[in-house]
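Readers should treat all values here as calculations from the given coordinates under stated rules, not as data from a laboratory. Remember, predicted model here, so these are calculated numbers, not experimental data. Note that each Cβ is placed from the backbone with ideal geometry, even for glycine, and that neighbours are counted across all protein chains shown.
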Amino acid sequence: MKQITIILLIILITSCTRQIIINDINTNSEGLFQFGKTPERDFYFDTDLPDSLIFEKKYSISGSFNNSSMVFYDEYAFAGDLSGNIYAINLDTKKITGTQNNKGGVFVCPIINKLRLFYVTDNLDSRNSTFYMYDFYLNIYHAKIEIPGSCRNEMVKTNDAIFLLSSDGTLYKISLMGEIIWIRKTNATTYCNPAADESNIYWGNSSGQVIKVSLNDGSILGQTKQYTAIEGGITIRDGLIYVGDNAGNLSCFNTDLQKIWEYQTSAKIISNPAVSDSIIIFGNLEGNIYCLDRNFGKLIWILKTGGIINTTPIIFKNFTVVADLNKKIHFIKNEDGKLEKQIELEGRCKLSPSFFKGSLFIGYDRGNLLELKYE
């Protein structure tokens, strides 16, 4: 009887779930359409973050988060969880307006292109993943592509394609119509968020190499010699490539993959570094947050939080915001690294912070999503 009750409850919950159907988006509106805003991974906002951030809304969803982020379009926010769901939130009404239920877990940020949502689920039981192209205006799937292996690396969107990098080092170029254009295998375990410039895409692997591949035809154009295994994400700015490794080194390469400088920290780096015009800020698993001169790799300041930093910071003109696994959000002065304020949450921070239309979004344990806003 107990098992029957549970089954009926699951059916009831599933039947009450409303799909994501949105037909009121202004397609000329602004948005943040992928992890890090751009293919280069831009975590810098050219504005001051005011002191007057106040509680706006807490949203509750069914699953927890990975250290990814959210995307935004017009008045809507989209987030995925580890239960395999994609959520659409109306930021005007402050309500979850729809959910797409899928098997597996959503470990990486969705991508938006016009009225279509691209996302991938990692199907743990079958050791493969599924790439989806969903039209939230027409409420139909234009594509479902089965991908061998795990997909927990952030996708890249360019003007004409989506690039998906699996954990076995296979790169897929998928058209914005949902068709595979080409596949490039590298046969190296890969847990790194790739990034792309106008011509090429770059990522690191567990063999300690940074690889450069043509966006056009998938040809491998270069790779570094073997260093320490790389699980930190790639960030590109002004022709320089920044990435952290498992030994705690933050390295800077040029686009020819020549190392410009390296800064050594004391613990593994698994998130993307955030880069502004003049500085680079990143954290490691020992809970230390570093600020370096981005051109020369010289230390400007270090803040020891005592937590674990596995999310990507976002930089404003005056402050940097960092979430950690010690249930805290840190607001740090860019000038000197002093902790301006700290917000303690009810659970461990999981999502990397997101900022859109004056609101700061933080995801933490048990599917809690917090919106802070200023006027």
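For this structure, a couple of remarks:
- In this structure the amide hydrogen of Leu360, modeled in the peptide plane, comes within under 5 Å of the amide hydrogens of Leu372, Lys373, none closer than 5 places in sequence on its chain.
- Cross-link pairs Lys57/Lys327; Lys212/Lys268; Lys94/Lys333; Lys114/Lys350; Lys212/Lys357; Lys144/Lys225 - those with Cα-Cα distance over 26 Å: Lys94/Lys333; Lys114/Lys350; Lys212/Lys357; Lys144/Lys225
- Value of Rg to Rh for region 2-373 (Rh from inverse mean 1/r over Cα pairs, i.e. Kirkwood): 0.95
- Summing +1 for each Lys or Arg and -1 for each Asp or Glu among the other residues whose beta-carbon sits under 13 angstrom from that of Ala247 gives -3.
- Restricting the trypsin sites (Lys or Arg not before Pro) of region 271-375 to loop positions (DSSP other than H, G, I, E, B) with no more than 14 neighbouring Cβ atoms within 10 Å leaves Lys298, Lys317, Lys338, Lys357, Arg366.
- Across all directions, the shadow cast by the convex hull of region 276-327 built on its C-alpha atoms averages 3.5 square nanometres.
- Candidates per GluC sites (Glu not before Pro) in region 194-289, loop by DSSP, up to 15 other Cβ within 10 Å: Glu198
- Selection from Met177, Val106, Phe33, by position along the positive dipole direction of the chain (Cβ): Val106
- Note on region 2-373: with charges restricted to the Cβ of Lys and Arg (+1) and Asp and Glu (-1), its dipole about the Cα centre is near 820 debye.
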